[in-house]
Structures are given as structure tokens and as C-alpha cells.
1. When the residues of region 182-198 are narrowed to those that are part of a helix (DSSP H, G or I) and closer than 16 Å to residue 291 by Cα, which ends up modelled with the highest pLDDT?
2. Return only the number of the condition from (1) under 15 Å from residue 226 (Cβ atoms); (2) in contact with a helix residue (DSSP H, G or I) (Cβ under 6 Å, 6 or more places away or on another chain) that residue 198 does not satisfy.
3. Could we say that residue 166 is farther than 30 Å from residue 305 by Cβ, within 22 Å of the chain's Cα centre (by Cα) and modelled with pLDDT under 90 here?
4. With respect to residue 161, is the statement that it is over 27 Å from residue 280 (Cβ atoms), assigned to a helix (DSSP H, G or I) and in contact with a helix residue (DSSP H, G or I) (Cβ under 8 Å, 6 or more places away or on another chain) true?
5. Against the conditions (1) at pLDDT 65 or above; (2) over 26 Å from residue 301 (Cα atoms), where does residue 16 fall short? Just the number, please.
6. Pull out all pairs, ordered by first then second residue, where Cβ-Cβ is under 9 Å, the residues are six or more apart or on different chains, the first lies in region 163-177 and is surrounded by 15 or more Cβ atoms within 10 Å (Cβ to Cβ), and the second is not in a helix (DSSP H, G or I).
């Protein structure tokens, strides 16, 4: 029987082929990580150069954001010379890469602070929001997928499948606005926007992030639930499960001890691919809920044509995405015993 070519079930077969093909019979975790690290500079340079071109093609002038709309041509020229904006694109790009190699991100073109300082104070809220959303998504998707798979084809399965389809179609910013209005303004059970740091207390911190993290996790939950449910249903239909059921082992126990570990592999792949989407979605969610993270910093920088900040955030996003995919590849090997044997065979 040929494997499926589309749908959530295909994710399992596609993931297995990709990982096994990548590693090969004589592959190794060390070789896998080394290959990813060698590819990382190419990906980062390419994505950064793309941002350079897009920003350079913008008709806006950062001199107006810094000096005001009434700045004359001489003042704008002096600003461009002082910030090297009069140099060719390729020259500025090479200078930027050289600065990054030496850990110099430069100064903001519009604000008095350095780019490194602005990213350092904006990064914690974004990381906390993204990680909390990932935790919520993983827990919720495992629970929903398990419930749907155990009741395959029944009312519970249909309700969960319909709910995740609706969640997948709902835009983050629309859900965020509705949830903020209901829970923050009408019911007043959580703060109506804003952010309290971890140092203010766990309860205060959680109250400002639990709703935006849940909104951010919603489409992620939908993707993970669909893929994991299909994988669980496929795994529950295998001979070893029927044998265990015939021996009187409870179905829930089989699910937790045997089926779920085997079915989680495609979900790990989806986790790696979609974690970048969480970072992208955080840009919208942070602005809806007034969270002073990288998303709000990026939107402000784009509005003000602050090229230094835009470039630095784009580079940081590329680094995070590549590192996460390396970790997912390693996690895939750790979870799958077949790939562990493959990587140890020499």
C-alpha cells in the first residue's frame, strides 16, 4: 500500500523520509549539527541581504524621522553621510556583516539608544510570550488530539476537529481584539493590555501574558492537533495495539506508554516548522496587547525607517529559526529509536 500524498497523515511519512534521507545509514548527530551550522551563515546572509534590498527600495527617508519633515537638503545630506546612508547598498551590507561578526550592532538612526540595548530590553517579553505560547500549544494539542483519536469518528472527534478548523482559520489580530475586549474590558478578569515583568511576581507576570500567549498559540494548537490526531489514529490501528487490547491492557495506558511516543514524531517536525510562525505572530499579538517586545520595536522601527533596528531584528529572527530547526532535528533522533540506531551505525 502506497503512503498518502496529502493531508495530515502524510506529514508522518514525509517527516520519516526527510529525516532518514538526511541522516542516511552512516549519518550522525554530530554530522547533522555540523551541516546545519555550515548552512546557517548562508541562510542568515541571504535573509539579511533580502531585508537590505527591501528596506533600501522603500521611498521613505529616515532623515525625516530623525530631523523632522522641515529639514532642508543640506541637513538631510549631513545625516546621510554621518550614518553612511549615502554609500552603495553592497558596501553598507558588507559593513553591517563585519559589524555583526565583531558583535557591533550600531546605534539607532532615530532613537538615542544603541540597537543592542533596545533588543536586550525588548527580547525578554517576546521570548516569554513565545515560550508560554509553545507550552500552551503543546499541552492543548496533545490533550485534544488524544481525546479525538480515542473517540475516532464519534461526536467528540467531530467537535474537536471542527473547533481546530475554526481556530486555524481565525486571524490572530481579530481573535486578539475580541478576547481583549471580552476578558480585559468587559469581564475585567485580566489586565487590558500591558506587560508586567517576572520580577513583579509570578501571578502578575502570568496575568499579563496568559491571554496573549493563548491567542498566539491558537493556530499552532490547530496545526498540531490535526497532525497528532491523524498520527495517533494511524498508530492505534496497528497490530501491537490490537494485541495489547486483546490482552486486557487499558486503551488509555497503551496510548500514554506506547502510542503517543511513536506518534509524536510528525508533531516534532511541525513544532520546528511552526515555531518561526509563533515569532512572526508575536509581532501582531504584542501590538494588540501593548507588550513592549521585539514585535512592537520592529513595528516602530519600520514606521520610523530605522534601518539599523530592522536589520538587527531580521538577523536575530534568522538565527533563532535556524537554531530551533537544529534542535528539532536532534530531538527527532533522540525520540525515534530507529534513527538512533541509524546514527550509531558506522
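The values are calculated or read from the model by the stated rules, or taken from the named source; none is laboratory data. None of the values given here were measured: they were computed from a predicted structure. Quick reminder, even Gly has a Cβ in these numbers, built from the backbone with ideal geometry, and neighbours come from all protein chains shown.
1. Applying the first criterion (part of a helix (DSSP H, G or I)) to region 182-198 yields 182-186, 198.
When the remaining residues are screened for being closer than 16 Å to residue 291 by Cα, the result is 184, 198.
On the way: 184: 77, 198: 86.
Ranking the qualifying residues of region 182-198, first place goes to 198.
2. Of (1) under 15 Å from residue 226 (Cβ atoms); (2) in contact with a helix residue (DSSP H, G or I) (Cβ under 6 Å, 6 or more places away or on another chain), only one is false for residue 198: (1).
3. On the way: farther than 30 Å from residue 305 by Cβ: yes; within 22 Å of the chain's Cα centre (by Cα): yes; modelled with pLDDT under 90: yes.
It is true that residue 166 is farther than 30 Å from residue 305 by Cβ, within 22 Å of the chain's Cα centre (by Cα) and modelled with pLDDT under 90.
4. Numbers: over 27 Å from residue 280 (Cβ atoms): no; assigned to a helix (DSSP H, G or I): yes; in contact with a helix residue (DSSP H, G or I) (Cβ under 8 Å, 6 or more places away or on another chain): yes.
It is false that residue 161 is over 27 Å from residue 280 (Cβ atoms), assigned to a helix (DSSP H, G or I) and in contact with a helix residue (DSSP H, G or I) (Cβ under 8 Å, 6 or more places away or on another chain).
5. (1)
6. 176/289
For (1) at pLDDT 85 or above; (2) touching a strand residue (DSSP E or B) at 6+ places or on another chain (Cβ under 9 Å); (3) surrounded by fewer than 20 Cβ atoms within 10 Å (Cβ to Cβ), each residue gets a yes or a no:
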site: 217; (1), (2), (3): yes, no, no
site: 220; (1), (2), (3): yes, no, no
site: 225; (1), (2), (3): yes, no, no
site: 248; (1), (2), (3): yes, no, yes
site: 255; (1), (2), (3): no, no, yes
site: 265; (1), (2), (3): no, no, no
site: 270; (1), (2), (3): no, no, no
site: 277; (1), (2), (3): no, no, yes
site: 297; (1), (2), (3): yes, no, no
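Yes or no, residue by residue, for (1) free of Cβ contacts under 8 Å to residues at least 12 places away in the same chain; (2) crowded, with 21+ Cβ neighbours inside 10 Å; (3) over 30 Å from residue 175 (Cβ atoms):
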residue	(1), (2), (3)
229	no, yes, no
240	no, no, yes
260	no, no, no
292	no, no, no
300	yes, no, no
304	no, no, no
